[in-house]
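Data block below; observations after.
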Amino acid sequence: MALTRTERRVPEGTTPIYRATLYKENGVDVIALADMTSMVMTLYNDATEELINSRDHVDVLNANGGTLDATSGAFEMAFEAEDMTVVNADVANGEADPVYALFQWELTNGQKGSHQVKIDVLKVANLEAVVIP
């Protein structure tokens, strides 16, 4: 399943893919792979301040599920099932526990950027019954 700007609600234990196009500060030129020095992701639950799946400043520049196209600025993050975890004990079945993915990068010219994505992870009553695509 791919995550778009309008669909960021996923059942726990699934493997969604987040896609975005990265642009330079001028908002016109894309960030190509050759422009990028580093890109990391931190995945956390805001309410509990808990890291998810040990994803703390993990390299995602063509590693660990992250892919940046060489020329188009197209970025894709393929999350693991363990990334989509409900950690807040107060969340009832069928309700969402927000997980945040914070992407941070540095360009070869020294400029830094960041982008945060909120993903609502739905608690599933019987996780074994979920079919993971």
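The values are calculated or read from the model by the stated rules, or taken from the named source; none is laboratory data. This one's a predicted model, so the numbers in the text were calculated from it and none came from an experiment. Neighbour counts run over all protein chains shown; Cβ positions are idealised from the backbone, glycine included.
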So ALA34, is it over 13 Å from the mean Cα position of the chain (by Cα), hydrophobic (A, V, I, L, M, F, W, C) and part of a loop (DSSP other than H, G, I, E, B): no
Looking at segment 36-73, which of its residues are free of Cβ contacts under 8 Å to residues at least 60 places away in the same chain, farther than 19 Å from THR15 by Cβ and small (Gly, Ala, Ser)? ALA47, ALA70, SER72, GLY73
State the number of residues belonging to segment 18-31 that are out of contact with any Lys or Arg (no Cβ under 7 Å at 6 or more places or on another chain) and either of a type in the set (S, T, N, Q) or not in a strand (DSSP E or B) (or both). 8
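Residues are listed down the side, and each one gets a yes or a no for (1) free of Cβ contacts under 8 Å to residues at least 60 places away in the same chain; (2) part of a loop (DSSP other than H, G, I, E, B):
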{"position": "GLU76", "(1), (2)": "yes, no"}
{"position": "ALA89", "(1), (2)": "yes, yes"}
{"position": "GLY94", "(1), (2)": "yes, yes"}
{"position": "ALA101", "(1), (2)": "no, no"}
{"position": "TRP105", "(1), (2)": "no, no"}
{"position": "GLN116", "(1), (2)": "yes, no"}
Unique match (being part of a loop (DSSP other than H, G, I, E, B), of a type in the set (Val, Ile, Thr), over 17 Å from the mean Cα position of the chain (by Cα) and surrounded by 13 or more Cβ atoms within 10 Å (Cβ to Cβ)) among THR48, THR15: THR48
Whichever residue in segment 51-74 is part of a loop (DSSP other than H, G, I, E, B) and of a type in the set (Asp, Glu) and, among such residues, is farthest from PHE103 (Cα to Cα): ASP69
Selected residue (only one of ALA101, ALA129, ALA81 is over 16 Å from the mean Cα position of the chain (by Cα) and either aliphatic (A, V, I, L, M) or modelled with pLDDT under 90 (or both)): ALA129
Can you tell which of GLY73, GLY66, GLY94, GLY113 is at positive phi and surrounded by 15 or more Cβ atoms within 10 Å (Cβ to Cβ)? GLY73
